[in-house]
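First up is the structure itself, then whatever we jot down about it.
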Amino acid sequence: MKCLLIASESAEVLFYWTDPEFQQNIQNQYGASQEEGHGLPAFEDSISTLFAPIIISCSTMVDRLGDSYTSFTTENNHVYVLHQFDECLYIAVNGDGEEGEDDLRRKIYVMKKMIEVLFGMVTLSSNLIRRELRPQDTEQRARLWKHLQSLLETYSHLRENDQSFLVEAVERLIHPMLCEQCIEFLEKRLVQQLNSSTERAGEEVLHAFILVHTKLLAFFSSRNASTLATSDLLALIIMTQNMYPSNTDVDDPGPESMSGSGPESFYTPEPSPTDRDSGSSDKPEGVTTPVFEFMDPDIQMAEDSLQTLEGPPPDPSMPRRVFLEISSKEGLYPMMPHSMYCLPLWPGIKLVLLTKIPTNNVASSVYKYLEAFAKLEKRLSEGQEGYAATRGQLTIHDLRSKLDKFIKALGPSDLQSAQLQNAWTEFKNRAFGRGGPGFTKDLIPWCKNMKTQLCSIYRQCFLVDSGPGSVPQRLSPGLQERALTMVQEKLVDWKDFLLVKSKRNITMVSYLEDFPGLIHFICVDRSTGQMIAPSLNITEHASSELGKGPVAHFIKSKVWSFVSRSRDFLRKGYSTITLRDGDFYFCYFLWFENETGYKLEAGDIPILPDDSAPIGMLAWDYYRKLLRYYSKNHQGEVVKCYELLTVHLGVIPTEIILQHCRQLASKLWEPSRNPLL
Amino acid sequence: MAEQSRRCSYFFLYDASKVTGESDPTRDGICYFYPEETPIDKQELLCGQLAGVGRCVSELSSSPVRFLRLHRNKYAIRMKDDFFWALGCSAEVPTISVCELLDQLINIFCFYNGSVRQSYQMNTRETLAARWARYLSNLQSASSELHHIFSSLKTIDSTNVDPLLLLKAALILQACQRCPLVLAGCVLFRGRVLSTQMSPQLTMKVMVHESETYTKVRHDSCSKCLAVSSTTVFLTLSELQYLQSPPVDKLSRSHSTPQKDAPPKKTRLSRTLSDMASTESDSSDPGPSQRISFSPWLSDSDNSSFSLAPPQIIADPQSPPPQSPVPPLSNGKNSREAEEALKDSFYQSFHSNGDGDGFIHNNGDSSVFEGNSHFSGGEGDGGTACGNVFDLQGAESHDDEAMVGDGGVGCGRAQGRHKAQQRDLSPLVPMTLYLHRVKGLVLALLVEPHFLSDTASMEEVYHSSLASLNGLEAHLRTISSGAPGTPGPYIFAHFDCIQSTLTTNLSGGPGGALEHPFVRATSLLHLHFCNTETLQEAIIRSAGAAVYGTRSVAQETYFQQQGGSLRNSGIPNHQDSAFLLPSKARHRLLKHGVNLL
């Protein structure tokens, strides 16, 4: 019984996802009044009706008490978590005991992150994002929601099954020689060739990486690219995984079992002819990612008919527009537009290219102006007036002249720029004009209006298709094809090895001799957002090192629950934890080092409230904030943050366990120090 | 400051049946609102919104809301019929404690007033508001933050008290029980438990009245006229059945052969406590004197009662099995019948279990005997046995929730108890609480209502205990003023889950800055222990403190080493002092009577 709902303050449903049980529950409650045939709108109506009192009560509480609900728990242990981002209220529900409050909150934050990656700064305007998430056209709406639903399901599946999404750090394939070769290949051959081609249509490849399932084989960033944030990389992995789901439950990987078709097959169909041999019919029943298995037949039908209505599927060589963070000398720019090309080399193995688009600088300008208006608005609403309110990185006169030029450069050709022009003229009249209010509280609505208009421009530039007939902005299909072939040629002999390696990246066997009694460990470098852990494959067909069936499942569930437990303690400021739980002994350590590996003294870790953002790197980078916090006392030093989590048999003496932990902590990163990221 | 943050910020009872029409103002439904000086529109806002959203969520989930969280406050919720209770605390208070506080509050109200609906039919809102306020302030006055965390009973500091005095208190209670109209009792001194025969929950309820009369006595100079008092109280069927069920004391039978006269222990007891001899010899009722026996706090039979199925009598009080010692008494109650039944069941238990095989027999399908089996811990420590019953319920529902527990709702045990209380909201049976006060010392007995009209019984109980109480009071007065020892190089807290008692060397007074990290860690670990049954031991370290916690079925212990350098890099190191805590705790706590081996 699971559900995630996004609603506006007026209780309008902006997005929902439910599992079949929840849907059944809602339908039962709403009664059989629903008519067959138009499942989607009717269900949307009933979910909106049933949640409306909660949503309305939420806004009443905010308005009148300045406080709002964060969670409900019922006696039968249904959990509701609520979180408001601007004017969008997110509600996540679990009624089957599989997710706790923290999991639900994490889901909400991840959903928000995915929406930011997909819609960028449009999310900064409640008005615009509301329209964006709920298109008037029901078919368009159904298509968008289905895409978001499937992203959410892909994420949930990864979080439940993939250790790197459990701890929210990127897992690399441990094969130093091959990794290095690939990085070199990406740098010297691929990216260079792409960026010097005339067919790149003004785009510039900034990052190129190869994924084997969810694991990173090689990553290369061009010289003028900023670092790709772990949060963004993880989000991109979810997207690629959603486009080309891996059938991770099948132990023996082969082209046949790795279906390339998945939930997005109609949304972004197979772009590559090499994939033709693996149809969805090859997918073994019942062990696939549970994305569409429980699909409501009505919705499925609606979708099927949609596809026929839609005509030919979108061009496979069309890139995805994604909005990622850029840190440059001038500062941090969130949600800058990029194009993402995900080229499937073989089932399970993907080449991902991230390019800078030619109009990129419009986005950074818009962001600067948005920031300036937001700051101005904040100061005005705090009661500052006149000159005091206009202080900032951009002086108001700078802003004025720059914005004048910006608008001029946009040209008055289309409606959107004309509206921005009007809003700006209005603003100037009020702010600088003799008759206007000047810089007082009365200017706030005009600040808001400017922000909305700027977001509209941004939307116009980066989200809206240029319309039929016009030539789409992208690397030419031929160029993409050549890139694909190049990498395929490079890796063709490694293909099968890589697929196996991704399942058995590192194995516990190699540690058993040195660490008797050690059952599992996870080590994370939070400064680079990378993790190492022996594979935990729980499969039907083959036994893993942990044994078969229930025991392996039990240990896996223990690891999962220990990670969430360690976060509970970390949130309350505890950085060392040891627990004896049943037959196991768990340890968790978080520590800081400087660049030379010198262990720094443990410092205070901030204590967060129970309903704080989830600890992790995907949706909200806790560790980045932690590092910043810690670095305050270590000025001029590069501080690194590590985590180690171990599971031992409970019968092993504690001193031995602690010695193991120490050895693991000092040795783990040595053999594989790759300049991967 | 810490004390302040414990305080409940809001408490209200809202009756939705009073607000049914569109035009009915929300204020009509507000039965009680704390703090009372809250502006009425804010009262209406909170009641209206919380009750409304609560109803909506419970409809969606087909289950009442138990807990509701806002950014700044968290609320324990109870929904029953049209009533909606909410108790709000600041966000730092552990969830589990908020839930327990609300449950206690409602249970205390029902204990002294009977059913909530009836109380509101028979009394004015103002009268009952005063009572809610009293119970609330009473509950909030628990001595320390740690007591709040564990919802533990306030007990006498046994390290300062001669064990003989504790024994004496227990004997006084047993002597009183020779009167068949006396169900069970407890001895309290200055608001703290000296000895009790009742479950911790029931003892806590009784103590509310005691502390109220105690304040009264201190204000009134005429203490004599208040020496004996009584009040009507209401027991749930399960509590009553439990108190009325006869002891099936395997241990006592095996240790002291059941001779109907001259219990072997009697002589030994009278040697140590001379004044007991006379009361003992007054005894003419051979049955109850059987019950003098002392079993260890946790006898084998106690342990085995954990593995029993949940007692069905509690789950289904409406349909007692044929042999039930308690006929349905909910209305038109006939206490004679109850008494008869009581005797019958004595008879039954004596005969059916005579061959010493009783316990196994009890495991059968007869719910009566299941009820009985909980008493097997022996009369001497009724508290222990009762504790089992209540914890059993906790554990039982805990099982269901173990899977969810990790999720961090943190209400596991509270919900377990709550389930018990849900059942407890079934018919309430009026009984009488009899108090006999000798200055700071109080003998509180739960008695059959007609005890008050039975002059002979009253006289007997009064006179049999008077001398002992006086003697006990004289002893206690001289020694009990000992201030709690200043914390040494370590801090510890030891919670007995069965008796719901807490032992600690924390003063609980002001100057808690040093102790705050310990209390915080303890509260967090307690929550995790409650949520995960398999969790046995934990060491957690922040920059300021390392705390060790360990627990078994019956107890939880927390330990922190004071002072010393905590400098560490946080990297795993087996020479780290934090990992020496378990062995230190084992050694240090032995002298406090805490055995962690």
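Values computed for the structure shown
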item: Other protein chain Cβ atoms within 10 Å, averaged over every residue that makes up A:89-99; result: 2
item: Residue pairs, from the table A:2/A:112; A:2/A:625; A:146/A:375, whose Cα atoms sit over 28 Å apart; result: A:2/A:625; A:146/A:375
item: Summed residue charge, Cβ within 13 Å of residue A:130's Cβ, Lys/Arg positive, Asp/Glu negative; result: -1
item: Whole-number percent relative contact order across the stretch B:8-141, with pairs defined as alpha carbons under 8 Å at least 6 apart; result: 23
item: Gap separating the Cα centres of the stretch A:94-173 and the stretch B:36-70, nearest whole Å; result: 30
item: Efficiency of FRET between residue A:512 and residue B:583 - r from beta-carbon atoms, R0 22 angstrom, step 0.05; result: 0.15
item: Among B:235-243, B:62-70, A:624-632, the order from most to least packed when residues are scored by Cβ within 10 Å on average; result: B:235-243, B:62-70, A:624-632
item: Number of partner chain Cβ atoms within 10 Å, mean per residue of A:577-584; result: 6
item: Equivalent ellipsoid semi-axes, the stretch A:1-137, via Cα gyration tensor eigenvalues times 5, rooted, Å; result: 22, 20, 15
item: Relative contact order of the stretch B:490-592, pairs being alpha-carbon contacts under 8 Å that are 6 or more residues apart, as %; result: 27
item: Unsatisfied cross-links (Cα-Cα over 27 Å) in the set A:556/B:584; A:451/A:572; A:215/A:558; result: A:556/B:584; A:451/A:572
item: Å³ per residue enclosed by the Cα convex hull of the stretch B:8-141; result: 114
item: Stretchable slack from residue B:452 to residue B:23, in nm (0.36 nm times residue separation minus alpha-carbon distance); result: 149.5 nm
item: Rough spin-label spacing in nm, given labels placed 7 Å along Cα→Cβ, for residue A:136 and residue B:92; result: 5.3
item: Gain upon complete extension [residue A:434, residue A:382; 0.36 nm per residue less C-alpha separation]; result: 16.4 nm
item: Spin-label model distance (nm) - residue B:157 vs residue A:493, 7 Å beyond Cα toward Cβ; result: 8.0
item: Cα extents of the stretch B:490-592 along the three principal axes, largest first (Å); result: 40, 35, 26
item: Among A:348-359, A:61-72, B:112-123, the order from most to least packed when residues are scored by Cβ within 10 Å on average; result: A:348-359, A:61-72, B:112-123
item: 10 Å Cβ neighbours from other chains, averaged over peptide A:654-660; result: 4
item: At most 13 other Cβ within 10 Å, DSSP loop - GluC sites (Glu not before Pro), the stretch A:377-456; result: A:382
item: Protection-proxy order for peptides A:429-439, A:97-107, A:144-154, A:46-56, each taking the mean of Cβ atoms within 10 Å per residue, highest first; result: A:97-107, A:144-154, A:46-56, A:429-439
item: Net length gained if the chain between residue B:231 and residue B:40 were fully extended (0.36 nm per residue, minus Cα distance); result: 65.3 nm
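Just so you know, all these numbers are worked out from the coordinates, no wet-lab data involved. Note that the structure is a prediction, hence the values are computed from the model and not measured. Using ideal geometry, Cβ is built from the backbone for each residue, glycine included, and neighbour counts are taken over all protein chains shown.
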